[in-house]
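One structure is given below, encoded as C-alpha coordinates.
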Amino acid sequence: MAHLLGLGETGAVGLSPRPSPLVRRLDPRGRILAALAFAVVVTGLSSLTALVAALAAALALLAVSGLPVATTLKRMMLMDGFIVFMLVLLPFSTPGTALLVVPGGFVASAEGLRLAVEIALTANAVILALMVLVGTMEPVVLGHALARLRVPERLVHLLLFTVRYIEVLRDEYSRSRQAMQARAFRPGSNRHCWRSLGQLVGMMLVRALERSERILQAMKCRGFTGRLPLLSDLRFGRIDGLAAVLFLAGLLGLVLLEMCLADLA
Amino acid sequence: MHIVDGALSNPVVIGGAVIAAGGIALGLRALTVEKIPTAGVLSAAFFVASLVHVPIGPSSVHLILNGLAGVILGWAAFPALFVGLLLQAVFFGFGGVTVLGVNTVNIALPAVLVGMICGPFIRRGTALTATVWAGIGGALAIALTTLFVALSLMLSGEQFLPAAKLVFFAHIPVMAIEGVLTAAAVSLARKVKPELFHALEVAR
(Lines give C-alpha, C1' and ligand atoms only; values in the text may rest on other atoms or scores of the structure.)
Protein backbone atom coordinates (compact mmCIF):
# COMPACT_ATOMS: atom_id res chain seq x y z
CA MET A 1 0.00 0.00 0.00
CA ALA A 2 2.77 2.38 0.91
CA HIS A 3 4.37 1.80 -2.47
CA LEU A 4 1.03 2.17 -4.18
CA LEU A 5 0.47 5.48 -2.51
CA GLY A 6 4.01 6.69 -2.84
CA LEU A 7 4.25 7.23 0.88
CA GLY A 8 6.43 5.47 3.42
CA GLU A 9 5.24 5.14 6.97
CA THR A 10 8.55 5.95 8.59
CA GLY A 11 10.13 7.93 5.81
CA ALA A 12 13.42 6.90 7.36
CA VAL A 13 16.32 6.61 4.97
CA GLY A 14 19.87 5.89 6.02
CA LEU A 15 21.29 4.90 9.34
CA SER A 16 19.61 7.11 11.87
CA PRO A 17 15.83 6.96 11.58
CA ARG A 18 14.19 10.32 12.04
CA PRO A 19 12.07 10.59 15.17
CA SER A 20 8.53 9.97 14.02
CA PRO A 21 6.31 13.06 13.91
CA LEU A 22 3.96 13.66 16.80
CA VAL A 23 0.77 12.61 15.00
CA ARG A 24 2.15 9.15 14.32
CA ARG A 25 3.05 8.53 17.93
CA LEU A 26 -0.54 8.93 19.06
CA ASP A 27 -2.85 5.97 19.63
CA PRO A 28 -4.46 4.94 16.29
CA ARG A 29 -7.85 4.53 17.96
CA GLY A 30 -7.70 8.09 19.20
CA ARG A 31 -6.75 9.29 15.73
CA ILE A 32 -9.69 7.50 14.12
CA LEU A 33 -12.14 8.89 16.66
CA ALA A 34 -10.62 12.36 16.28
CA ALA A 35 -11.05 12.26 12.49
CA LEU A 36 -14.68 11.16 12.94
CA ALA A 37 -15.41 13.87 15.50
CA PHE A 38 -13.77 16.48 13.29
CA ALA A 39 -15.87 15.35 10.31
CA VAL A 40 -19.13 15.48 12.26
CA VAL A 41 -18.41 18.91 13.78
CA VAL A 42 -17.12 20.50 10.58
CA THR A 43 -20.01 19.16 8.50
CA GLY A 44 -22.33 20.81 10.99
CA LEU A 45 -20.66 24.24 10.69
CA SER A 46 -22.13 26.81 8.36
CA SER A 47 -20.35 30.05 9.18
CA LEU A 48 -17.61 30.66 6.63
CA THR A 49 -15.24 32.04 9.28
CA ALA A 50 -15.56 28.87 11.34
CA LEU A 51 -15.03 26.75 8.22
CA VAL A 52 -11.90 28.69 7.29
CA ALA A 53 -10.67 28.13 10.85
CA ALA A 54 -11.38 24.40 10.46
CA LEU A 55 -9.45 24.24 7.20
CA ALA A 56 -6.59 26.14 8.85
CA ALA A 57 -6.63 23.63 11.70
CA ALA A 58 -6.44 20.74 9.21
CA LEU A 59 -3.53 22.45 7.44
CA ALA A 60 -1.79 22.92 10.79
CA LEU A 61 -2.23 19.20 11.47
CA LEU A 62 -0.74 18.49 8.06
CA ALA A 63 2.31 20.58 8.96
CA VAL A 64 3.04 18.49 12.07
CA SER A 65 2.11 15.14 10.52
CA GLY A 66 5.24 14.53 8.49
CA LEU A 67 3.18 13.74 5.38
CA PRO A 68 4.74 15.21 2.25
CA VAL A 69 2.86 18.50 2.08
CA ALA A 70 2.93 18.97 -1.70
CA THR A 71 1.76 15.42 -2.50
CA THR A 72 -1.04 15.54 0.03
CA LEU A 73 -2.31 18.89 -1.14
CA LYS A 74 -2.13 17.68 -4.73
CA ARG A 75 -4.27 14.71 -3.76
CA MET A 76 -6.76 17.06 -2.13
CA MET A 77 -6.87 19.19 -5.32
CA LEU A 78 -7.56 16.02 -7.31
CA MET A 79 -10.75 15.61 -5.33
CA ASP A 80 -11.61 19.25 -5.97
CA GLY A 81 -11.31 18.51 -9.68
CA PHE A 82 -14.16 16.04 -9.32
CA ILE A 83 -16.52 18.37 -7.51
CA VAL A 84 -15.65 21.56 -9.37
CA PHE A 85 -18.51 21.10 -11.86
CA MET A 86 -21.06 20.84 -9.12
CA LEU A 87 -19.62 23.88 -7.37
CA VAL A 88 -19.62 25.95 -10.57
CA LEU A 89 -23.25 25.04 -11.27
CA LEU A 90 -24.50 25.85 -7.77
CA PRO A 91 -24.50 29.67 -8.00
CA PHE A 92 -26.61 29.41 -11.15
CA SER A 93 -29.12 26.91 -9.78
CA THR A 94 -29.74 28.58 -6.42
CA PRO A 95 -32.33 31.32 -6.44
CA GLY A 96 -31.39 34.53 -4.65
CA THR A 97 -29.73 37.90 -5.02
CA ALA A 98 -28.27 38.26 -8.49
CA LEU A 99 -24.53 38.59 -8.41
CA LEU A 100 -23.54 38.05 -12.00
CA VAL A 101 -25.52 37.68 -15.19
CA VAL A 102 -24.00 35.57 -17.92
CA PRO A 103 -25.30 36.24 -21.43
CA GLY A 104 -27.92 33.65 -22.22
CA GLY A 105 -30.09 34.29 -19.22
CA PHE A 106 -28.05 32.56 -16.53
CA VAL A 107 -27.97 34.34 -13.22
CA ALA A 108 -25.44 33.56 -10.51
CA SER A 109 -26.76 34.21 -7.03
CA ALA A 110 -24.82 35.25 -3.95
CA GLU A 111 -26.52 32.53 -1.91
CA GLY A 112 -25.46 29.86 -4.38
CA LEU A 113 -21.89 31.09 -4.39
CA ARG A 114 -21.86 31.02 -0.60
CA LEU A 115 -23.19 27.44 -0.59
CA ALA A 116 -20.53 26.36 -3.09
CA VAL A 117 -17.77 27.94 -0.98
CA GLU A 118 -19.21 26.31 2.14
CA ILE A 119 -19.18 22.85 0.54
CA ALA A 120 -15.67 23.29 -0.83
CA LEU A 121 -14.28 24.37 2.56
CA THR A 122 -16.05 21.55 4.44
CA ALA A 123 -15.02 18.84 1.99
CA ASN A 124 -11.37 19.90 1.95
CA ALA A 125 -11.04 20.37 5.71
CA VAL A 126 -12.60 16.98 6.49
CA ILE A 127 -10.68 14.97 3.90
CA LEU A 128 -7.39 16.64 4.83
CA ALA A 129 -7.88 15.88 8.53
CA LEU A 130 -8.73 12.28 7.62
CA MET A 131 -5.61 11.86 5.49
CA VAL A 132 -3.43 13.40 8.20
CA LEU A 133 -4.89 11.57 11.20
CA VAL A 134 -5.76 8.18 9.68
CA GLY A 135 -3.97 8.09 6.32
CA THR A 136 -0.60 8.21 8.10
CA MET A 137 -1.24 4.74 9.57
CA GLU A 138 -0.10 1.50 8.07
CA PRO A 139 -3.30 -0.08 6.68
CA VAL A 140 -2.75 -3.08 8.96
CA VAL A 141 -2.66 -0.81 12.01
CA LEU A 142 -5.88 0.77 10.77
CA GLY A 143 -7.48 -2.69 10.69
CA HIS A 144 -6.32 -3.52 14.21
CA ALA A 145 -7.45 -0.19 15.58
CA LEU A 146 -10.89 -0.64 13.97
CA ALA A 147 -11.15 -4.09 15.55
CA ARG A 148 -10.32 -2.57 18.94
CA LEU A 149 -13.08 -0.03 18.32
CA ARG A 150 -15.53 -2.95 18.04
CA VAL A 151 -15.94 -2.93 14.29
CA PRO A 152 -17.21 -6.46 13.39
CA GLU A 153 -14.35 -8.93 13.20
CA ARG A 154 -15.30 -10.25 9.76
CA LEU A 155 -15.29 -6.76 8.30
CA VAL A 156 -11.83 -6.18 9.77
CA HIS A 157 -10.61 -9.50 8.33
CA LEU A 158 -11.99 -8.53 4.95
CA LEU A 159 -10.14 -5.20 5.20
CA LEU A 160 -6.89 -6.92 6.20
CA PHE A 161 -7.11 -9.40 3.32
CA THR A 162 -7.90 -6.61 0.89
CA VAL A 163 -4.96 -4.41 1.88
CA ARG A 164 -2.69 -7.46 1.93
CA TYR A 165 -3.45 -8.35 -1.68
CA ILE A 166 -3.94 -4.97 -3.35
CA GLU A 167 -0.24 -4.60 -3.99
CA VAL A 168 0.22 -8.22 -5.07
CA LEU A 169 -2.60 -7.94 -7.57
CA ARG A 170 -1.43 -4.57 -8.77
CA ASP A 171 1.96 -6.06 -9.60
CA GLU A 172 0.19 -8.87 -11.43
CA TYR A 173 -1.81 -6.28 -13.35
CA SER A 174 1.37 -4.39 -14.31
CA ARG A 175 2.97 -7.60 -15.57
CA SER A 176 -0.09 -8.36 -17.70
CA ARG A 177 -0.09 -4.85 -19.12
CA GLN A 178 3.60 -5.24 -19.94
CA ALA A 179 2.90 -8.56 -21.66
CA MET A 180 0.14 -6.93 -23.68
CA GLN A 181 2.45 -4.09 -24.63
CA ALA A 182 5.10 -6.57 -25.74
CA ARG A 183 2.44 -7.97 -28.08
CA ALA A 184 1.88 -4.52 -29.57
CA PHE A 185 -1.23 -3.58 -27.62
CA ARG A 186 -1.86 0.12 -27.70
CA PRO A 187 -4.66 1.62 -25.64
CA GLY A 188 -7.10 3.62 -27.72
CA SER A 189 -10.76 4.49 -27.98
CA ASN A 190 -11.89 1.43 -29.84
CA ARG A 191 -13.77 -1.78 -29.31
CA HIS A 192 -10.66 -3.90 -29.55
CA CYS A 193 -9.00 -2.02 -26.72
CA TRP A 194 -12.08 -2.16 -24.50
CA ARG A 195 -12.55 -5.87 -25.16
CA SER A 196 -8.90 -6.59 -24.40
CA LEU A 197 -9.04 -4.63 -21.16
CA GLY A 198 -12.25 -6.47 -20.25
CA GLN A 199 -10.54 -9.79 -20.82
CA LEU A 200 -7.63 -8.54 -18.71
CA VAL A 201 -10.05 -7.77 -15.87
CA GLY A 202 -11.67 -11.18 -16.29
CA MET A 203 -8.28 -12.87 -16.12
CA MET A 204 -7.35 -10.84 -13.05
CA LEU A 205 -10.47 -12.06 -11.28
CA VAL A 206 -9.84 -15.66 -12.30
CA ARG A 207 -6.28 -15.47 -11.00
CA ALA A 208 -7.49 -13.77 -7.82
CA LEU A 209 -9.91 -16.64 -7.18
CA GLU A 210 -7.22 -19.25 -7.79
CA ARG A 211 -4.86 -17.37 -5.52
CA SER A 212 -7.48 -17.22 -2.78
CA GLU A 213 -7.93 -21.00 -3.02
CA ARG A 214 -4.20 -21.49 -2.47
CA ILE A 215 -4.25 -19.00 0.41
CA LEU A 216 -7.11 -20.81 2.13
CA GLN A 217 -5.33 -24.16 1.75
CA ALA A 218 -2.10 -22.74 3.12
CA MET A 219 -3.95 -21.17 6.03
CA LYS A 220 -5.78 -24.40 6.80
CA CYS A 221 -2.43 -26.23 6.82
CA ARG A 222 -1.40 -23.85 9.56
CA GLY A 223 -4.51 -24.46 11.61
CA PHE A 224 -6.70 -21.54 10.52
CA THR A 225 -9.99 -21.71 12.37
CA GLY A 226 -11.45 -18.44 11.25
CA ARG A 227 -9.86 -16.18 13.80
CA LEU A 228 -6.94 -13.95 13.03
CA PRO A 229 -5.28 -13.09 16.31
CA LEU A 230 -4.84 -9.34 16.26
CA LEU A 231 -1.46 -8.71 17.77
CA SER A 232 -1.42 -5.06 18.47
CA ASP A 233 0.18 -3.07 21.18
CA LEU A 234 -2.20 -0.16 21.23
CA ARG A 235 -1.79 1.89 24.34
CA PHE A 236 -3.66 5.01 25.26
CA GLY A 237 -1.03 6.92 27.23
CA ARG A 238 -0.73 10.29 28.90
CA ILE A 239 0.28 12.02 25.68
CA ASP A 240 -2.84 10.61 24.00
CA GLY A 241 -4.98 11.98 26.79
CA LEU A 242 -3.36 15.38 26.41
CA ALA A 243 -3.84 15.30 22.63
CA ALA A 244 -7.49 14.32 23.10
CA VAL A 245 -8.12 17.23 25.48
CA LEU A 246 -6.43 19.69 23.11
CA PHE A 247 -8.37 18.31 20.14
CA LEU A 248 -11.70 18.51 21.95
CA ALA A 249 -10.87 22.06 23.02
CA GLY A 250 -10.20 22.91 19.38
CA LEU A 251 -13.52 21.40 18.29
CA LEU A 252 -15.32 23.27 21.06
CA GLY A 253 -13.62 26.44 19.85
CA LEU A 254 -14.99 25.85 16.34
CA VAL A 255 -18.50 25.30 17.70
CA LEU A 256 -18.31 28.44 19.87
CA LEU A 257 -17.05 30.46 16.93
CA GLU A 258 -19.98 29.23 14.88
CA MET A 259 -22.49 30.08 17.61
CA CYS A 260 -21.09 33.57 18.26
CA LEU A 261 -21.11 34.40 14.56
CA ALA A 262 -24.63 33.05 14.19
CA ASP A 263 -25.76 35.39 16.98
CA LEU A 264 -24.18 38.34 15.25
CA ALA A 265 -25.78 37.54 11.93
CA MET B 1 -18.77 9.71 -8.52
CA HIS B 2 -17.90 10.18 -4.90
CA ILE B 3 -19.99 12.69 -3.02
CA VAL B 4 -18.02 14.87 -0.61
CA ASP B 5 -18.70 16.04 2.93
CA GLY B 6 -20.87 19.08 3.36
CA ALA B 7 -22.97 18.69 0.21
CA LEU B 8 -25.78 16.50 1.54
CA SER B 9 -28.49 17.24 4.08
CA ASN B 10 -28.42 15.44 7.43
CA PRO B 11 -31.38 13.11 6.77
CA VAL B 12 -29.73 11.87 3.55
CA VAL B 13 -26.40 11.31 5.31
CA ILE B 14 -28.00 9.45 8.22
CA GLY B 15 -30.31 7.44 5.95
CA GLY B 16 -27.35 6.42 3.81
CA ALA B 17 -25.36 5.34 6.84
CA VAL B 18 -28.25 3.23 8.17
CA ILE B 19 -28.87 1.50 4.82
CA ALA B 20 -25.13 0.92 4.36
CA ALA B 21 -24.84 -0.63 7.83
CA GLY B 22 -27.74 -2.94 7.03
CA GLY B 23 -26.25 -3.96 3.70
CA ILE B 24 -22.84 -4.57 5.24
CA ALA B 25 -24.39 -6.70 7.99
CA LEU B 26 -26.28 -8.78 5.40
CA GLY B 27 -23.11 -9.16 3.35
CA LEU B 28 -21.03 -10.22 6.33
CA ARG B 29 -23.62 -12.80 7.30
CA ALA B 30 -23.21 -14.34 3.84
CA LEU B 31 -19.46 -14.61 4.39
CA THR B 32 -18.52 -17.77 6.23
CA VAL B 33 -15.04 -18.18 7.60
CA GLU B 34 -13.97 -20.15 4.52
CA LYS B 35 -15.14 -17.42 2.18
CA ILE B 36 -13.34 -14.51 3.79
CA PRO B 37 -10.02 -15.04 1.95
CA THR B 38 -11.90 -15.37 -1.34
CA ALA B 39 -13.93 -12.23 -0.72
CA GLY B 40 -10.83 -10.36 0.44
CA VAL B 41 -8.73 -11.22 -2.60
CA LEU B 42 -11.61 -10.49 -4.98
CA SER B 43 -12.22 -7.20 -3.19
CA ALA B 44 -8.53 -6.36 -3.74
CA ALA B 45 -8.92 -7.32 -7.41
CA PHE B 46 -11.86 -4.94 -7.82
CA PHE B 47 -9.86 -2.22 -6.05
CA VAL B 48 -7.00 -2.69 -8.53
CA ALA B 49 -9.45 -2.80 -11.44
CA SER B 50 -10.77 0.58 -10.31
CA LEU B 51 -7.28 1.99 -10.90
CA VAL B 52 -7.39 0.92 -14.57
CA HIS B 53 -7.84 3.87 -16.86
CA VAL B 54 -9.73 3.25 -20.07
CA PRO B 55 -9.20 5.67 -22.92
CA ILE B 56 -12.32 7.28 -24.32
CA GLY B 57 -12.04 10.00 -26.92
CA PRO B 58 -9.49 12.58 -25.85
CA SER B 59 -9.91 11.66 -22.17
CA SER B 60 -9.97 8.54 -20.04
CA VAL B 61 -12.21 7.14 -17.32
CA HIS B 62 -11.45 4.82 -14.47
CA LEU B 63 -13.44 1.66 -14.03
CA ILE B 64 -15.99 1.03 -11.30
CA LEU B 65 -17.21 -2.45 -12.29
CA ASN B 66 -19.74 -2.60 -9.49
CA GLY B 67 -22.09 -4.65 -11.68
CA LEU B 68 -19.47 -7.36 -12.07
CA ALA B 69 -18.74 -7.18 -8.33
CA GLY B 70 -22.43 -7.73 -7.59
CA VAL B 71 -22.66 -10.71 -9.95
CA ILE B 72 -19.63 -12.39 -8.38
CA LEU B 73 -19.94 -11.33 -4.74
CA GLY B 74 -23.72 -10.98 -4.21
CA TRP B 75 -24.52 -9.27 -0.90
CA ALA B 76 -20.83 -9.51 0.02
CA ALA B 77 -20.35 -6.70 -2.51
CA PHE B 78 -21.57 -4.35 0.25
CA PRO B 79 -18.70 -4.94 2.69
CA ALA B 80 -16.19 -5.42 -0.15
CA LEU B 81 -17.02 -2.11 -1.84
CA PHE B 82 -17.25 -0.38 1.56
CA VAL B 83 -13.69 -1.47 2.30
CA GLY B 84 -12.61 -0.12 -1.08
CA LEU B 85 -14.29 3.24 -0.46
CA LEU B 86 -12.83 3.46 3.04
CA LEU B 87 -9.31 2.86 1.72
CA GLN B 88 -9.84 5.40 -1.07
CA ALA B 89 -11.02 8.05 1.38
CA VAL B 90 -8.28 7.46 3.94
CA PHE B 91 -5.30 7.01 1.64
CA PHE B 92 -6.28 8.76 -1.61
CA GLY B 93 -8.50 11.51 -0.24
CA PHE B 94 -11.45 10.60 -2.51
CA GLY B 95 -14.91 11.05 -1.05
CA GLY B 96 -15.46 11.91 2.58
CA VAL B 97 -16.11 10.70 6.09
CA THR B 98 -19.73 11.39 6.96
CA VAL B 99 -20.80 10.54 3.40
CA LEU B 100 -19.11 7.13 3.47
CA GLY B 101 -22.47 5.45 4.09
CA VAL B 102 -24.20 7.26 1.22
CA ASN B 103 -21.31 6.54 -1.13
CA THR B 104 -21.35 2.85 -0.15
CA VAL B 105 -25.09 2.59 -0.83
CA ASN B 106 -24.76 4.40 -4.16
CA ILE B 107 -22.11 1.96 -5.39
CA ALA B 108 -23.05 -1.28 -3.64
CA LEU B 109 -26.85 -1.31 -3.86
CA PRO B 110 -26.77 -1.20 -7.70
CA ALA B 111 -24.16 -3.97 -7.53
CA VAL B 112 -26.42 -6.20 -5.47
CA LEU B 113 -29.46 -5.41 -7.65
CA VAL B 114 -27.55 -6.23 -10.84
CA GLY B 115 -26.30 -9.42 -9.21
CA MET B 116 -29.91 -10.41 -8.52
CA ILE B 117 -31.26 -9.45 -11.94
CA CYS B 118 -28.44 -10.54 -14.27
CA GLY B 119 -26.65 -13.09 -12.09
CA PRO B 120 -28.91 -16.09 -12.87
CA PHE B 121 -28.60 -15.54 -16.66
CA ILE B 122 -24.83 -15.22 -16.39
CA ARG B 123 -24.47 -18.35 -14.29
CA ARG B 124 -26.86 -20.63 -16.13
CA GLY B 125 -27.37 -19.19 -19.62
CA THR B 126 -25.53 -20.09 -22.78
CA ALA B 127 -22.28 -18.28 -23.57
CA LEU B 128 -24.10 -15.73 -25.70
CA THR B 129 -26.88 -15.08 -23.14
CA ALA B 130 -24.29 -14.67 -20.39
CA THR B 131 -22.28 -12.17 -22.43
CA VAL B 132 -25.33 -10.13 -23.37
CA TRP B 133 -26.65 -10.04 -19.79
CA ALA B 134 -23.19 -9.15 -18.50
CA GLY B 135 -23.12 -6.20 -20.88
CA ILE B 136 -26.57 -5.12 -19.72
CA GLY B 137 -25.57 -5.57 -16.09
CA GLY B 138 -22.35 -3.60 -16.43
CA ALA B 139 -24.16 -0.65 -17.98
CA LEU B 140 -27.18 -0.93 -15.68
CA ALA B 141 -25.03 -0.79 -12.54
CA ILE B 142 -23.46 2.51 -13.61
CA ALA B 143 -26.85 3.90 -14.65
CA LEU B 144 -28.31 3.01 -11.25
CA THR B 145 -25.29 4.43 -9.43
CA THR B 146 -25.57 7.77 -11.23
CA LEU B 147 -29.31 7.79 -10.54
CA PHE B 148 -28.67 7.13 -6.84
CA VAL B 149 -26.03 9.88 -6.75
CA ALA B 150 -28.47 12.24 -8.45
CA LEU B 151 -31.20 11.22 -6.03
CA SER B 152 -28.96 11.80 -2.98
CA LEU B 153 -28.16 15.28 -4.28
CA MET B 154 -31.75 16.12 -5.15
CA LEU B 155 -33.10 14.96 -1.79
CA SER B 156 -30.63 17.38 -0.21
CA GLY B 157 -31.82 20.42 -2.12
CA GLU B 158 -33.50 21.61 -5.30
CA GLN B 159 -30.44 23.65 -6.22
CA PHE B 160 -28.48 20.43 -6.90
CA LEU B 161 -30.79 19.44 -9.76
CA PRO B 162 -28.53 20.67 -12.60
CA ALA B 163 -25.51 18.99 -10.99
CA ALA B 164 -27.50 15.78 -10.61
CA LYS B 165 -28.52 15.88 -14.28
CA LEU B 166 -24.93 16.55 -15.29
CA VAL B 167 -23.74 13.52 -13.31
CA PHE B 168 -26.20 11.28 -15.14
CA PHE B 169 -25.57 12.51 -18.69
CA ALA B 170 -21.80 12.72 -18.28
CA HIS B 171 -21.79 9.04 -17.37
CA ILE B 172 -23.59 7.71 -20.44
CA PRO B 173 -20.29 6.91 -22.21
CA VAL B 174 -19.05 5.29 -19.00
CA MET B 175 -22.12 3.04 -19.02
CA ALA B 176 -21.28 1.90 -22.55
CA ILE B 177 -17.66 1.20 -21.66
CA GLU B 178 -18.47 -0.63 -18.46
CA GLY B 179 -20.99 -2.71 -20.38
CA VAL B 180 -18.46 -3.72 -23.05
CA LEU B 181 -15.76 -4.46 -20.48
CA THR B 182 -18.04 -6.46 -18.20
CA ALA B 183 -19.28 -8.51 -21.17
CA ALA B 184 -15.70 -9.29 -22.24
CA ALA B 185 -14.64 -10.14 -18.68
CA VAL B 186 -17.61 -12.46 -18.11
CA SER B 187 -17.23 -14.13 -21.48
CA LEU B 188 -13.59 -14.91 -20.74
CA ALA B 189 -14.13 -15.97 -17.13
CA ARG B 190 -16.94 -18.33 -18.14
CA LYS B 191 -14.61 -20.11 -20.53
CA VAL B 192 -11.60 -20.21 -18.23
CA LYS B 193 -13.12 -20.67 -14.79
CA PRO B 194 -16.91 -20.81 -14.51
CA GLU B 195 -16.54 -21.43 -10.75
CA LEU B 196 -15.84 -17.70 -10.41
CA PHE B 197 -19.58 -17.08 -10.52
CA HIS B 198 -20.19 -19.56 -7.73
CA ALA B 199 -17.17 -18.55 -5.65
CA LEU B 200 -19.16 -17.31 -2.67
CA GLU B 201 -22.00 -19.84 -2.69
CA VAL B 202 -21.96 -21.55 0.66
CA ALA B 203 -22.96 -25.06 -0.34
CA ARG B 204 -20.51 -26.24 -2.90
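Between B and A, buried accessible area from a 1.4 angstrom probe totals roughly 6200 Å², ignoring ligands, DNA and RNA. Of all the options A:F85, A:F38, A:F236, the one that moves most in a Gaussian network model of chain A with Cα springs shorter than 10 angstrom is A:F85.
Per-residue ellipticity at 222 nm from helix content only, as computed over the protein assembly as shown with -39500 (n - 2.57) for each DSSP H run of at least four residues, stands at -24000 deg cm²/dmol. Of the solvent-accessible surface of segment B:9-154, computed with a 1.4 Å probe and all protein chains present, 77% belongs to carbon and sulfur. In this simple spin-label model, placing a label point 7 Å from the Cα along the Cα-to-Cβ direction at both A:L59 and B:L166 gives a separation of 2.5 nm. Applying the criteria of a DSSP loop state and at most 15 other Cβ atoms within 10 Å to the trypsin sites (Lys or Arg not before Pro) of segment A:181-265 yields A:R183, A:R222, A:R227, A:R235.
The contact residues of segment A:148-180, meaning those that lose at least 40 Å² of 1.4 Å-probe accessible area when all protein chains sit together rather than their chain alone, are A:R154, A:L155, A:L158, A:L159, A:F161, A:T162, A:I166, A:L169, A:Y173. In terms of its C-alpha gyration tensor, segment B:100-204 has a prolate overall shape, because the principal axis ratio a/c (a ≥ b ≥ c, square roots of the eigenvalues) is not below 1.5 and a/b outweighs b/c.
In degrees from 0 to 90, rounded to the nearest 10, what is the angle of the helix B:10-30 Cα long axis to the longest principal axis of chain B? That helix lies at roughly 20 degrees to the long axis.
Calculated accessible area for the protein assembly as shown comes out at 45 Å² per residue, all protein chains present (probe 1.4 Å; ligands, DNA, RNA ignored). The label-point distance for A:T49 and A:E210, in a model that sets each label 7 Å from Cα toward Cβ, rounds to 6.5 nm. Sort segment B:10-198 into rounded, prolate or oblate with this rule: let a ≥ b ≥ c be the square roots of the eigenvalues of the Cα gyration tensor; rounded if a/c is under 1.5, and if a/c is not under 1.5, prolate when a/b is larger than b/c, oblate otherwise. The shape class here is oblate. Between A:R227 and B:E195, the modelled label-to-label distance comes to 2.9 nm, taking each label 7 Å out from Cα in the direction of the beta carbon. Between 0 and 90 degrees, rounded to the nearest ten: what's the tilt of helix B:127-156 against the longest Cα principal axis of chain B? Tilt of helix B:127-156: around 20 degrees.
Cα centroid distance between segment A:47-110 and segment B:1-76, in Å? Comparing the Cα centres of segment A:47-110 and segment B:1-76, I get a distance of 27 Å. The long axis of helix B:161-170 is offset from the longest Cα principal axis of chain B by roughly 30 degrees. Membrane-span-like helices in chain A, defined purely by DSSP H runs whose alpha carbon atoms cover 15 Å or more axially and whose average Kyte-Doolittle hydropathy reaches 0.0, are A:28-44, A:48-65, A:69-93, A:110-133, A:238-264. Legend: residues A:M77, B:M154, A:M204, sorted from most to least accessible area (1.4 Å probe; ligands, DNA and RNA excluded), read A:M77, B:M154, A:M204.
Per-residue accessible area (protein heavy atoms, 1.4 Å probe) orders A:E172, B:E158, A:E167 as B:E158, A:E167, A:E172, starting from the largest. Of the residues in segment A:81-117, those shielded by at least 40 Å² of accessible area once partner protein chains are present, compared with the chain alone at a 1.4 Å probe, are A:F82, A:M86, A:L89, A:S93. Exposure check, 1.4 Å probe, all protein chains in place: B:D5 carries approximately 0 Å² of accessible surface. A straight chain from A:V107 to A:M259 at 0.36 nm per residue would run longer than the Cα-Cα distance by 51.6 nm. For chain B, set up a GNM with springs between Cα atoms under 10 Å and report which of B:I19, B:I122, B:I107 has the largest fluctuation. Fluctuation is largest for B:I19.
Take the Cα radius of gyration of segment A:152-221 and divide it by 2.2 N^0.38 Å, N being the number of residues; the result is 1.40.
Under conditions of 37 °C and 0.692 mPa s, the protein assembly as shown yields 141 µm² s⁻¹ as its translational diffusion coefficient, taking Rh as the Kirkwood radius over Cα pairs in the Stokes-Einstein equation. Residues considered: A:A60, A:A108, A:A218. Largest GNM mean-square fluctuation over chain A, using C-alpha springs under 10 Å, is found at A:A218.
The values are calculated or read from the model by the stated rules, or taken from the named source; none is laboratory data. From a predicted model like this one, the values you see are computed outputs, not experimental measurements. Here Cβ is always computed from backbone atoms with ideal geometry, including for glycine, and neighbour counts include all displayed protein chains. Accessible surface areas use protein heavy atoms only, side chains included; no ligands, DNA or RNA. Shrake-Rupley method; radii C 1.70, N 1.55, O 1.52, S 1.80 Å.
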